[in-house]
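The values are calculated or read from the model by the stated rules, or taken from the named source; none is laboratory data. What you are looking at is a predicted structure, and each value in this text was computed from that prediction instead of being measured. Cβ: placed from backbone, ideal geometry, glycine included. Neighbour counts: every protein chain shown.
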Ligand code: NAD
């Protein structure tokens, strides 16, 4: 198996690459342009493995993608490269349209040309997994779950650009027959998560005795999934998912943001006692424009068709994550420093 992974230096991409290289023994080419969110330090455990290669390239660069496909001759593509931070999309949407929409288009076209040139058996076995988010479905009220049939209704420039890319991927299946599968997942958390996102930001600010910003009153609900559970789902969907279909991925772990922050404070207070309970550092800040109230996933299709179950519940996953950040300052220390002066990174409280 030769898997071309895009965005493999990011949070989920690096967890996927570690899984495919170390546990599955697949040949992996990681194509990543290394934006601020890409970090090769997350791939230290695979960098000297003979079945791992890295190519620094932009997925919107048609020439570079054509060369990557012809040199590596992938049997599978797992497409994760994206601009992924909602707050950044609100202050600057251009990169989101460029990478998430035009980059996905370029990758689909390159994959199609490669696929068409394969012999029949290889063409039958080829798969293109497009990795996306539950945010394309918009916002839920107090009741209900996102299903694969839920109409798209994105709120932010980020989710709108991901929605556009999902439609392109599905259209490349319907129109050209490209063997595409799409996955839409809830919020991930775990080790190697860039420290601008809610959970790592809260852990590191709390550790440093800094304010813990929470949007609005912290009532927004997210469905949290430990990143390694997502990676197992992606592997299964790429392997056995029905072509042209969507699979929703979620942990059935709904939490209000304020509960998440308070839980992290409690775990940290136990592991690294402080003079005052860290929950006193919580500071409510004005809400994000277009902030979706609630996301929650119905993952029945993935569970029944492919036999997937989340292994990590939220409490154990958060304990593991906090413990990882305590033990791995070598990874996050330089990142915190490099954007310490950047207002966005320090006040942005939301995944
Ligand atoms: P991330 O921001 O941590 O990583 C994105 C990676 O893509 C980075 O390494 C970056 O350098 C790379 N990249 C960006 N633009 C590129 C380009 N033009 N060419 C090549 N590489 C480029 O993102 P993540 O959190 O790991 O998310 C990965 C994917 O999963 C995204 O498509 C995202 O929409 C989706 N997703 C994320 C979550 C989540 O909770 N983080 C949930 C569901 C779906």
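Just one of the numbered conditions (1) touching a residue at least 60 places away in the same chain (Cβ under 8 Å); (2) closer than 28 Å to residue 24 by Cβ; (3) within 22 Å of the chain's Cα centre (by Cα) is not true of residue 57: (1). Can you go through 239, 312 and tell me which one is under 22 Å from the mean Cα position of the chain (by Cα) and in a helix (DSSP H, G or I)? Matching residue, one of 239, 312: 239. Against the list (1) within 20 Å of residue 186 (Cα to Cα); (2) more than 8 Å from the ligand (Cβ to nearest atom); (3) at pLDDT 95 or above; (4) not in a strand (DSSP E or B), the condition residue 87 fails is (3). Scanning the stretch 198-211 for residues that are in contact (Cβ under 8 Å) with a residue 60 or more places away in the chain and surrounded by fewer than 24 Cβ atoms within 10 Å (Cβ to Cβ) yields a count of 6. If the condition is being under 25 Å from residue 256 (Cβ atoms) and within 21 Å of the chain's Cα centre (by Cα), then the stretch 140-151 contributes 140, 145, 146, 147, 150.
Determine whether residue 225 is surrounded by 20 or more Cβ atoms within 10 Å (Cβ to Cβ) and in a strand (DSSP E or B). Yes: the conditions hold for residue 225.
For the structure I just gave you, tell me whether residue 97 is more than 9 Å from the ligand (Cβ to nearest atom) and under 19 Å from the mean Cα position of the chain (by Cα). Judged against the criteria, residue 97 is a match. Of the strands (runs of 3 or more DSSP E) that lie entirely inside the stretch 1-84, not one contains 3 or more residues that are more than 14 Å from the ligand (Cβ to nearest atom) and on the phi < 0 side of the Ramachandran plot.
Taking the stated definitions as given, is residue 292 under 27 Å from residue 155 (Cα atoms), at pLDDT below 95 and within 19 Å of the chain's Cα centre (by Cα)? Spelling it out, residue 292 is indeed under 27 Å from residue 155 (Cα atoms), at pLDDT below 95 and within 19 Å of the chain's Cα centre (by Cα).
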